[in-house]
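The structure appears below as structure tokens.
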Amino acid sequence: MARLPDQADRDRLGAELDTSFLCLAGAGAGKTHELVERMVAVVASGLAPVEAMAAITFTRKAAGELRGRFFLGLRARAAAATGERGRRLAVAVERIDQCYIGTIHAFCAALLRQRPLEAGLSPDFSEVEDREEVGMLRRGWDRFVQNR
């Protein structure tokens, strides 16, 4: 199999588990695969329990796919692992719902719900739905154009 042009970077993702990385790549480049592998490795190594992890994406679809793949990755590695590593992975499978995997919008909303008054929001605020967002963007653009 041919070596990928970015294989050195992929290798670092798997080896440097205590380093933060920013990954920017196009669709189909393997971002989700690499992230899942890294998250499973972090749990297996004991660097962080699953409940201390967060993975933030831009779309609900991507978040759902990531959660599913992470669960399957944990389960597969737990079945093959023994000793303390196996125990950590098995616990992670049981506690996967305590890991935050979601969109940036939902993550920010959760943070704002913890301290809405300090953020200048009503405690019962809600996020804008997709259809509402389109209308808001159009109205904002129209106001911008009219004020130019």
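Key figures
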quantity: Single match in 130, 124 (criterion: under 22 Å from the mean Cα position of the chain (by Cα) and either among the aromatic types (Phe, Trp, Tyr) or exposed (fewer than 10 other Cβ atoms within 10 Å of the Cβ) (or both)); calculated: 130
quantity: Every residue from region 88-107 that is surrounded by 13 or more Cβ atoms within 10 Å (Cβ to Cβ) and part of a helix (DSSP H, G or I); calculated: 88, 89, 90, 91, 92, 93, 96, 105, 106, 107
quantity: Any hit, region 78-87, residues being over 14 Å from residue 43 (Cα atoms), among the basic types (Lys, Arg) and not in a loop (DSSP other than H, G, I, E, B); calculated: no
quantity: Members of region 31-49 found to be under 24 Å from residue 79 (Cα atoms) and either free of Cβ contacts under 8 Å to residues at least 12 places away in the same chain or β-branched (Val, Ile, Thr) (or both), listed by number; calculated: 32, 36, 40, 42, 43, 48
quantity: Condition broken by residue 119, with the remaining ones in (1) of a type in the set (A, V, I, L, M); (2) surrounded by 16 or more Cβ atoms within 10 Å (Cβ to Cβ); (3) farther than 22 Å from residue 15 by Cα satisfied; calculated: (2)
quantity: Sole residue being at negative phi, hydroxyl-bearing (Ser, Thr, Tyr) and either surrounded by 15 or more Cβ atoms within 10 Å (Cβ to Cβ) or at pLDDT 95 or above (or both), chosen from 57, 82; calculated: 57
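The values are calculated or read from the model by the stated rules, or taken from the named source; none is laboratory data. In this text, all values refer to a predicted model and were calculated from it rather than measured experimentally. Cβ atoms come from the backbone with ideal geometry, glycine included; neighbour counts cover every protein chain shown.
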